[in-house]
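These notes are about the structure you will find just below.
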Amino acid sequence: MIRIPKSLLLVAVLLAYSAAPAQRPPVNSPLLDRLVGRWVLQGTIAGRQTTHDITAEWVANHQYLRLHEVSREKTTDGKPQYDAFIHIGWDEEKKIYPIIFLDNFWGIGPEAIGAAAPKDNELLFVWKDEKGAVGFTNDFLYDPKTDSWQWVMDNVFNGTHKPFRRVRLTRLASNNAGS
């Protein structure tokens, strides 16, 4: 049996640890922090009145804000009509917020990922097609006076916006705002 000196073993462990990729620092976004908590979504989606429940929390070591959106409307088999996990992150290199919807309507592909430039009290996400044309917009508009959000989604055809979602998110009273 070969004996390895403890000092050599310690050096090997330290070298292996220092060669491992560094974790990204936690996302620092006061605007996203304002979305953390429990919300009731009410308004119209695809022309129909609806109510959904939303829980938003930081996940993956504070890398992504995850919104879990569940409709109160049910399918014939008792499942939520709409169920989505929405992840919003921060791309430090590009200075944008990427967003992806994982829901029971869309698949995962390039069309599922949007992006927004940072702005005060607004997250204006756009989805572009393979030619770079905007095909969908998703705007989160924060109102600091009421601590609520307007959430506006539009399909975009040849530059013309067609309303898809017009809802308001109202914070539930038992929330702890922030992260």
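Observations on the model:
- Residues of region 123-175 that are open to solvent by 60 Å² or more (accessible area, probe 1.4 Å) and either within 16 Å of Leu67 (Cβ to Cβ) or assigned to a strand (DSSP E or B) (or both): Lys128, Gln150, Phe157, Thr160, His161, Lys162, Pro163, Phe164, Arg166, Arg168, Thr170.
- Within region 19-31, considering residues that are part of a loop (DSSP other than H, G, I, E, B) and open to solvent by less than 80 Å² (accessible area, probe 1.4 Å), the one modelled with the lowest pLDDT: Ala20
- Residues located in region 98-117, provided they are aromatic (Phe, Trp, Tyr) and open to solvent by 20 Å² or more (accessible area, probe 1.4 Å): Phe105, Trp106
- Cβ pairs under 9 Å, 6+ apart, first in region 89-109 and at positive phi and at pLDDT 95 or above, second surrounded by fewer than 16 Cβ atoms within 10 Å (Cβ to Cβ) and among the small types (Gly, Ala, Ser): Lys95/Ala117
- Pairs, first on the phi > 0 side of the Ramachandran plot in region 60-79, second open to solvent by 50 Å² or more (accessible area, probe 1.4 Å), C-beta under 8 Å, six or more apart: Asn61/Gln23; Asn61/Pro26; His62/Pro26; His62/Ser179
The values are calculated or read from the model by the stated rules, or taken from the named source; none is laboratory data. Please read these numbers as outputs of a predicted model, since none were measured by experiment. Don't worry about glycine lacking a Cβ; one is built from the backbone with ideal geometry, like all the others, and counts go over all protein chains shown. Accessible surface areas use protein heavy atoms only, side chains included; no ligands, DNA or RNA. Shrake-Rupley method; radii C 1.70, N 1.55, O 1.52, S 1.80 Å.
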